[in-house]
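Quick notes on the structure that follows.
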Amino acid sequence: MFDINAIESPIDRMGVIRAQMADLQAQYDAIADFLKNSGIEKHEGSLFVAHVSTVSGRSTLDSKAAEAKLRELGVTNRWFANHQKEVKGYTKVVVTARKSA
């Protein structure tokens, strides 16, 4: 391993951090899978406790099908315009490894 602070480029530092996060996530996922498959609901370490629980599935409304049916029944564009939710936009940064030439 090397000192990440020695890397001058913030973009390169972000790339190294992203790679480290991927490695850590893979380790975390492997341990989580082990715990899920153990059949035990509570696991205790000396610093942390892990609880395994199963969340049942759920069903959701197919919004496109519902809209099509409502339009077929004569619901106006004005009604749809007055009942829309707005999701705010956001800015993100994506860092990927460089492809060697």
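The values are calculated or read from the model by the stated rules, or taken from the named source; none is laboratory data. Not measured: the values here are computed from a predicted model. We place every Cβ from the backbone using ideal geometry, glycine too, and count neighbours over all the protein chains shown.
What is the one condition in (1) closer than 30 Å to ALA97 by Cα; (2) free of Cβ contacts under 8 Å to residues at least 60 places away in the same chain that THR54 does not satisfy?
Here THR54 clears every test but (1).
One residue is enough: does the stretch 71-91 have a residue meeting the conditions at pLDDT below 90 and surrounded by 11 or more Cβ atoms within 10 Å (Cβ to Cβ)?
Looking for residues that are at pLDDT below 90 and surrounded by 11 or more Cβ atoms within 10 Å (Cβ to Cβ), one finds at least one in the stretch 71-91, hence yes.
Write out, first by first residue and then by second, each pair whose Cβ atoms fall under 7 Å of each other, whose residues are 6+ apart or on separate chains, and whose first residue, in the stretch 1-20, is farther than 12 Å from ARG98 by Cβ and in contact (Cβ under 8 Å) with a residue 24 or more places away in the chain while the second is in a helix (DSSP H, G or I) and of a type in the set (Asp, Glu).
As it stands, the answer is none, since no pair meets every condition given.
Being more than 28 Å from LYS92 (Cα to Cα) and not in a helix (DSSP H, G or I) narrows it down to one of LEU47, LEU35, so name that one. I'd like the intermediate steps shown before the answer.
Numbers: LEU35 fails: not in a helix (DSSP H, G or I).
None of the other options fit; the residue is LEU47.
Report yes if VAL95 is in contact with a Gly (Cβ under 8 Å, 6 or more places away or on another chain), surrounded by 10 or more Cβ atoms within 10 Å (Cβ to Cβ) and either at pLDDT below 90 or in a loop (DSSP other than H, G, I, E, B) (or both), otherwise no. Steps first, answer last, please.
Values: in contact with a Gly (Cβ under 8 Å, 6 or more places away or on another chain): yes; surrounded by 10 or more Cβ atoms within 10 Å (Cβ to Cβ): yes; either at pLDDT below 90 or in a loop (DSSP other than H, G, I, E, B) (or both): yes.
Taking the combined requirement at face value, the residue satisfies it.
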